[in-house]
1. Among A:VAL164, A:VAL148, A:VAL158, A:VAL205, which is the only one that is more than 14 Å from chain B (Cβ to nearest Cβ), within 30 Å of B:SER229 (Cβ to Cβ) and over 17 Å from the mean Cα position of the chain (by Cα)?
2. Residues B:THR96, B:THR83, B:THR69: which one is more than 16 Å from ligand 1 (Cβ to nearest atom) and more than 14 Å from chain A (Cβ to nearest Cβ)?
3. Within the stretch A:72-81, is there a residue that is in contact (Cβ under 8 Å) with a residue 12 or more places away in the chain and farther than 30 Å from B:LEU200 by Cα?
4. Which of the residues that make up the stretch B:192-229 are more than 7 Å from every other protein chain (Cβ to nearest Cβ) and within 16 Å of the chain's Cα centre (by Cα)?
5. Hey, does the stretch B:155-167 have a residue that's among the acidic types (Asp, Glu) and assigned to a loop (DSSP other than H, G, I, E, B)?
6. Return yes when A:LEU87 is in contact (Cβ under 8 Å) with a residue 24 or more places away in the chain and surrounded by 14 or more Cβ atoms within 10 Å (Cβ to Cβ) and no when it is not.
7. Given (1) at pLDDT 95 or above; (2) of a type outside the set (Gly, Ala, Ser); (3) open to solvent by less than 30 Å² (accessible area, probe 1.4 Å), identify the lone condition not met by A:LEU140.
Amino acid sequence: MSPLVSTICQFWSSSIGKKVVVALTGIVLVGFLAGHLAGNLLVYVGREATNDYAEFLMHLLHGAGIWIARAVLLTCFVLHIVATIQLTRSNRAARADAYEVKTSVRTTLSARVMIWSGLTILAFVIFHLLHFTVRIDQGLADLRDPLVDRHDTYGMVVRGFQNVPVSLFYIVALTLLCSHLSHGVASIFQTLGLRSKKTRGAIKVFSWIYAAIIWLGFISIPISIMLGLVHFD
Amino acid sequence: MNLTLKIWRQEGPDAKGQMQTVEARDIPEEASFLEMLDIVNERIIEEGGDPVQFDHDCREGICGTCSLTINGVPHGPDNGVTTCQLHMRKFRDGDTIWIEPFRAKAFPVVRDLVVDRSAFDRIIAAGGYISVRTGSAPDANGLPIEKDHADQSFDAATCIGCGACVAACPNASPMLFVGAKASHLNLLPQGKPELDIRVLAMVRQMDAEGFGNCTNHYECEGVCPKEISADVIARLNREYACASVKEGVA
Ligand code: HEM
Ligand code: FES
């Protein structure tokens, strides 16, 4: 094995190395969420803006752009999940015998349930892709934009979220994502060694604000649709 | 004061342990926690029983030998002290106190509350030293060192290697210890030349010992008797990542 490859393998198999992979892939996913939210908020502008944006994404770099983005996201997602599952398992094994009584002094609920919020996000992402990307529901897949000959993304979102159980699952998943981010975003700085006494307060606030914006931004859409504030026509 | 103790009893490394209820009677408030256990043990011995085994040495908070997870918190409820410096006035008459060993797969129980922390020695032996003679204490200011770095190094050097960070961490991670021992040397001119090999070796030894890794719960900071900050963990993460990159390309 070349020395470079063996260093990469050693890095991946070390605890800190794997954590760094989690943090770097976390940055990509966190960046994606911000972009995705900005795009989604176009439903408040209307059908034309939303569908223009969807069309723009599909034709970026003559259609290659979306596939490049998907490949990068999928790679990061898979690395993030594989690394965190392995880390969680070795962390559980490191405390073979549980305490009879264990009292927390600093940790938060969000920090303790990272693997569960993460796995909920995974389940949600699979559902979400089948729902709006693969469109297994023919009714949603066949919607056409009434003005231009193209798929009606706006209509699909509105019809999709008029389904109350779907919207409720969406809101629950996004709430766990908010929890994941409130610990995760601040963790990026610590894992990459960018956190210190001077910056810890600011990092915590930044992490909370980011998580809150993502949460409120995304859940506002199904809520507005269920309340009839955003409608099909 | 009179107390009810729930104490972890375990005959040996491979034996199955369990909690035992022991009454502690007529304990003076000014006794330290370990003195309280001494009193309890004397009575057990008088009654022909098997005394509770626990670790201790200096009893003045500097050696890092005492341990004990008290009511679920390593070194007990007081902030910034070791178990030997914890006093019974922190408890109330009639309290029930849970006493368990520092639990981690890498800290196997030897007997009762005594655990084997030699994994820490092996981490130090892997890289927690400077391999050339650096001479005796240099003249003050003979070797210029940034005030900030001197302070941070000194804070890290207060680590007594007790293992409370491991005991408190939900993942049994020793990164506060490893970070402190690395920062202590890495921030000083004498420690800089071996920074990369030190950090790589110490982290690899830490992983090989079967410890968990840090997921930023900061429980360690909360229980450290020397109140060492998790900034040393951030620095260790950064130094390890940089050292790995250098090892890969150089
Ligand atoms: C949009 C999707 C996701 C985003 C934006 C995200 C973001 C993050 C971030 C920023 C971190 C902190 C990295 C660090 O420790 O430095 C993190 C950690 C983690 N993530 Fe995710 N994540 C996502 C999906 C998932 C999924 C699907 C899982 C499922 C296994 C997961 C499980 C974890 C776990 C267990 C941690 C480690 C927690 C810790 O170190 O305390 N994440 N995530
Ligand atoms: S016995 Fe030495 S620190 Fe407690």
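1. Details: A:VAL164 fails: within 30 Å of B:SER229 (Cβ to Cβ); A:VAL148 fails: within 30 Å of B:SER229 (Cβ to Cβ); A:VAL158 fails: within 30 Å of B:SER229 (Cβ to Cβ).
Only one candidate qualifies: A:VAL205.
2. Values: B:THR96 fails: more than 14 Å from chain A (Cβ to nearest Cβ); B:THR69 fails: more than 14 Å from chain A (Cβ to nearest Cβ).
None of the others qualify; the one that does is B:THR83.
3. yes
4. B:MET206, B:GLU209, B:CYS214, B:CYS220, B:CYS224, B:PRO225, B:LYS226, B:GLU227, B:ILE228
5. Taking the stretch B:155-167 as the starting set, the residues that turn out to be among the acidic types (Asp, Glu) are B:155.
Filter once more, keeping what is assigned to a loop (DSSP other than H, G, I, E, B): none.
So far as the stretch B:155-167 goes, no, none of its residues is among the acidic types (Asp, Glu) and assigned to a loop (DSSP other than H, G, I, E, B).
6. On the way: in contact (Cβ under 8 Å) with a residue 24 or more places away in the chain: yes; surrounded by 14 or more Cβ atoms within 10 Å (Cβ to Cβ): yes.
Taking the combined requirement at face value, the residue satisfies it.
7. Unmet condition: (1).
Let's see how each residue does on (1) open to solvent by 50 Å² or more (accessible area, probe 1.4 Å); (2) charged (D, E, K, R):
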position: B:ASP95; (1), (2): no, yes
position: B:ILE99; (1), (2): no, no
position: B:ALA106; (1), (2): no, no
position: B:VAL110; (1), (2): yes, no
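The values are calculated or read from the model by the stated rules, or taken from the named source; none is laboratory data. These numbers were taken from a predicted model, which means no experiment stands behind them. Every residue, glycine among them, receives a Cβ derived from its backbone with ideal geometry; neighbour counts consider all protein chains shown. These area figures cover heavy atoms from the full protein model, side chains too; ligands, DNA and RNA do not enter into them. Shrake-Rupley method; radii C 1.70, N 1.55, O 1.52, S 1.80 Å.
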